[in-house]
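**Q** Just passing along the structure, written as structure tokens.
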Amino acid sequence: MIFEHFFNDPWVILGLKLAAVLGLFLTLPLIVGYGEHKGLAHMQSRFGPMEAGKFHGWAQLIADGVKFIQKEDIIPEAADRKVFAMAPAFALLPVMLTFLVLPFGPGLAGDEANGFFGENMDLSLFFVLAISAVGVIAMLMAGWSSANKFALIGAIRGAAQLIAYELPLVLAAGAVAMQAGSVSLVDIAAAQSDQLWFVVPQFAGFIIFIMASLAELSRPPFDMPIADSEIIFGHMTEYTGLRFALFLLAEYAGIVALAAVATVLFLGGWNAPPLLDISFIPAPFWTFAKIGALAFVIIWLRATYPRLREDQLQKMAWKFLIPASLIQILATGIFKVAF
């Protein structure tokens, strides 16, 4: 009776959910980062990530952590010290808030209040799309405060990309919300439990969403803001040690977050493939498996495609992605009205 009362206490449930969200935030990005080291090592014949710990380089993640801790924390003399120091925190905050509303699994016996997610917000899709765009502020803060022209150029490129990718990202997600009849991520995932995943009717939107997500993450082929062959390392040029590591953590956490959103919107969320009846496998397994598959695709694209120019991204977004997104919304509206 004591334990039953303890776990029915809303404050206890809130504390457990926050602890779980924090654990996922600190664990999943590290797994993706480790996977990128190993994936690129195999794809591009890199021998370095295979040395730490000898056996298949199992200690590479530990070696990277020790390296960042040992590096000196340097702030340029001409930098705006307060803004320079706050920028990594502003990069992490939007991603941490996104993890609060990501649904990794349903509640027991249809209990949507206590599912495997931090909070079931009615407008969680809008919340995720809005909060993800805040990350560009950290990029501008880092570039401006560094007193480095290359860092500033990288930050301006990042702000310019926002004009290109944000509208296709929102429109692609909006078409899914129209089909599901809800802007709650939990409801969108639940709506795919008794029908085909939305990736089938919304395949064009899925491709658009993934491309826009890559631009938001500044991942290849849209990594113009951190183009090391052109502007050293963009807005992160002057950062060292743990501050630099926090920017990398925000990047890998962003990969997990946007892969999770794409999983919920298009790949059925926690639902098993439609033709499989595997009830003994926990629902969160499917969510994590799909997130891992999408993260692998993002890593694979980095090893495959060359970098675009900023003007090429703008042309592609405004001439192709946005019109295709509008057509997808129109088709979804006609389908909803007709059927």
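The values are calculated or read from the model by the stated rules, or taken from the named source; none is laboratory data. The model shown is predicted, which means the values in this text are computed figures rather than measured ones. With ideal geometry, Cβ positions are generated from the backbone for all residues, glycine too; neighbour counts draw on all protein chains shown.
**Q** Among the residues of the range 298-339, which ones are surrounded by fewer than 13 Cβ atoms within 10 Å (Cβ to Cβ), more than 16 Å from residue 219 (Cα to Cα), in contact (Cβ under 8 Å) with a residue 12 or more places away in the chain and not hydrophobic (A, V, I, L, M, F, W, C)?
**A** 336
**Q** Scanning the range 32-50 for residues that are without any contact (Cβ under 8 Å) to a residue 24 or more places away in the chain and in contact with a helix residue (DSSP H, G or I) (Cβ under 8 Å, 6 or more places away or on another chain), which turns out nearest to residue 99 (Cα to Cα)?
**A** 38
**Q** Every residue in the range 111-128 that is farther than 20 Å from residue 20 by Cβ and either surrounded by 20 or more Cβ atoms within 10 Å (Cβ to Cβ) or at pLDDT below 90 (or both), please.
**A** Scanning the range 111-128 gives 122, 123, 125.
**Q** Only one residue in 289, 262, 293, 272 is of a type in the set (Gly, Ala, Ser) and either surrounded by 24 or more Cβ atoms within 10 Å (Cβ to Cβ) or not in a helix (DSSP H, G or I) (or both). Which one?
**A** Checking each option against the conditions leaves just 272.
Matching residues to (1) part of a helix (DSSP H, G or I); (2) surrounded by 13 or more Cβ atoms within 10 Å (Cβ to Cβ); (3) on the phi > 0 side of the Ramachandran plot; (4) touching a strand residue (DSSP E or B) at 6+ places or on another chain (Cβ under 7 Å):
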{"residue": "39", "(1), (2), (3), (4)": "yes, yes, no, no"}
{"residue": "68", "(1), (2), (3), (4)": "yes, yes, no, no"}
{"residue": "75", "(1), (2), (3), (4)": "no, yes, no, no"}
{"residue": "82", "(1), (2), (3), (4)": "yes, no, no, no"}
{"residue": "88", "(1), (2), (3), (4)": "yes, yes, no, no"}
{"residue": "101", "(1), (2), (3), (4)": "no, yes, no, no"}
{"residue": "138", "(1), (2), (3), (4)": "yes, yes, no, no"}
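**Q** Could you go through the range 317-338 and let me know if any residue there is touching a Lys or Arg at 6+ places or on another chain (Cβ under 8 Å) and within 15 Å of residue 211 (Cβ to Cβ).
**A** Scanning the range 317-338, I find no residue that is touching a Lys or Arg at 6+ places or on another chain (Cβ under 8 Å) and within 15 Å of residue 211 (Cβ to Cβ), so the answer is no.
**Q** I've got another one for you. Regarding residue 105, is this residue more than 30 Å from residue 308 (Cα to Cα), among the small types (Gly, Ala, Ser) and either buried (at least 19 other Cβ atoms within 10 Å of the Cβ) or out of contact with any Leu (no Cβ under 7 Å at 6 or more places or on another chain) (or both)?
**A** On the way: more than 30 Å from residue 308 (Cα to Cα): yes; among the small types (Gly, Ala, Ser): yes; either buried (at least 19 other Cβ atoms within 10 Å of the Cβ) or out of contact with any Leu (no Cβ under 7 Å at 6 or more places or on another chain) (or both): yes.
Yes.
Table: residues versus (1) among the hydrophobic types (A, V, I, L, M, F, W, C); (2) touching a helix residue (DSSP H, G or I) at 6+ places or on another chain (Cβ under 7 Å); (3) touching a residue at least 40 places away in the same chain (Cβ under 8 Å).
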| site | (1), (2), (3) |
| --- | --- |
| 240 | no, no, yes |
| 247 | yes, yes, yes |
| 260 | yes, yes, yes |
| 270 | yes, yes, yes |
| 274 | no, no, yes |
| 283 | yes, no, yes |
| 288 | yes, no, yes |
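**Q** On the given criteria, is residue 62 loosely packed, with under 13 Cβ neighbours inside 10 Å and among the aliphatic types (A, V, I, L, M)?
**A** So residue 62 passes the test.
**Q** Would the range 241-258 turn up any residue that is farther than 18 Å from residue 138 by Cα, small (Gly, Ala, Ser), at pLDDT 90 or above and in a helix (DSSP H, G or I)?
**A** So far as the range 241-258 goes, no, none of its residues is farther than 18 Å from residue 138 by Cα, small (Gly, Ala, Ser), at pLDDT 90 or above and in a helix (DSSP H, G or I).
**Q** Moving on to the next point. What number goes with the only condition from (1) buried (at least 22 other Cβ atoms within 10 Å of the Cβ); (2) under 19 Å from the mean Cα position of the chain (by Cα); (3) not charged (D, E, K, R) that residue 239 does not pass?
**A** Tallying (1) buried (at least 22 other Cβ atoms within 10 Å of the Cβ); (2) under 19 Å from the mean Cα position of the chain (by Cα); (3) not charged (D, E, K, R), residue 239 fails exactly one: (2).
**Q** Same structure again: Is one or more of the residues making up the range 212-220 crowded, with 20+ Cβ neighbours inside 10 Å, under 24 Å from residue 104 (Cα atoms) and more than 19 Å from the chain's Cα centre (by Cα)?
**A** no
**Q** Same structure, new question: Is it fair to say residue 152 is surrounded by 19 or more Cβ atoms within 10 Å (Cβ to Cβ), assigned to a helix (DSSP H, G or I) and on the phi < 0 side of the Ramachandran plot?
**A** Answer is yes for this residue.
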